[in-house]
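Peer 1: Could you have a look at this structure, given as structure tokens, before my questions?
Readers should treat all values here as calculations from the given coordinates under stated rules, not as data from a laboratory. No experiment lies behind these values; they were computed from the predicted model shown. As a convention, Cβ positions derive from the backbone with ideal geometry for all residues, glycine included, and neighbour counts pool all protein chains shown.
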Amino acid sequence: MKTAVAGEDPNWGRILMGIGKSGEKFDQKKIVIKLGEFIVAENGKISEHYNEEKLQKYMEWDSILIE
């Protein structure tokens with residue numbers, strides 16, 4: 001994930017991959033991935049509100065919030 005942040009690349013799939021590799025059991029439909037104010041994935045798929053152009057602009061900031 002740090003490569004995606006350093007490269008200003010909103011690759012939210014890396015977050016999901018990290019969760020999957022953690023070994024914890026989870027329900028993918030309950031996971032919400034949020035970068036800043038942007039919900040990028042929810043209900044087991046990409047968010048219908050996903051806007052890569054806006055997210056790429058956000059990734060240029062000095063501080064990135066990942067939830």
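Peer 1: Being in contact with a Lys or Arg (Cβ under 7 Å, 6 or more places away or on another chain), of a type outside the set (Val, Ile, Thr) and surrounded by 11 or more Cβ atoms within 10 Å (Cβ to Cβ): is that true of Gly36 here?
Peer 2: Values: in contact with a Lys or Arg (Cβ under 7 Å, 6 or more places away or on another chain): no; of a type outside the set (Val, Ile, Thr): yes; surrounded by 11 or more Cβ atoms within 10 Å (Cβ to Cβ): yes.
No, not satisfied.
Every residue, every condition in (1) on the phi < 0 side of the Ramachandran plot; (2) of a type outside the set (Gly, Ala, Ser); (3) touching a strand residue (DSSP E or B) at 6+ places or on another chain (Cβ under 7 Å), yes or no:
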{"position": "Pro10", "(1), (2), (3)": "yes, yes, yes"}
{"position": "Gly13", "(1), (2), (3)": "yes, no, no"}
{"position": "Met17", "(1), (2), (3)": "yes, yes, no"}
{"position": "Lys21", "(1), (2), (3)": "yes, yes, no"}
{"position": "Lys25", "(1), (2), (3)": "yes, yes, no"}
{"position": "Lys29", "(1), (2), (3)": "yes, yes, no"}
{"position": "Val40", "(1), (2), (3)": "yes, yes, yes"}
{"position": "Asn43", "(1), (2), (3)": "no, yes, no"}
{"position": "Lys57", "(1), (2), (3)": "yes, yes, no"}
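Peer 1: Give the residues of region 1-52 that are in a loop (DSSP other than H, G, I, E, B) and within 8 Å of the chain's Cα centre (by Cα), sorted by residue number. It would help to see each step written out before you state the result.
Peer 2: The initial filter retains those residues of region 1-52 that are in a loop (DSSP other than H, G, I, E, B), namely 1, 7-12, 22-27, 31-32, 36-37, 43-44, 47-51.
The answer is Pro10, Asn11, Trp12.
Peer 1: Let me ask something additional. Of the residues that make up region 26-33, is at least one touching a Lys or Arg at 6+ places or on another chain (Cβ under 7 Å) and free of Cβ contacts under 8 Å to residues at least 40 places away in the same chain? Write out each step before concluding.
Peer 2: The initial filter retains those residues of region 26-33 that are touching a Lys or Arg at 6+ places or on another chain (Cβ under 7 Å), namely none.
The answer is no; no qualifying residue exists.
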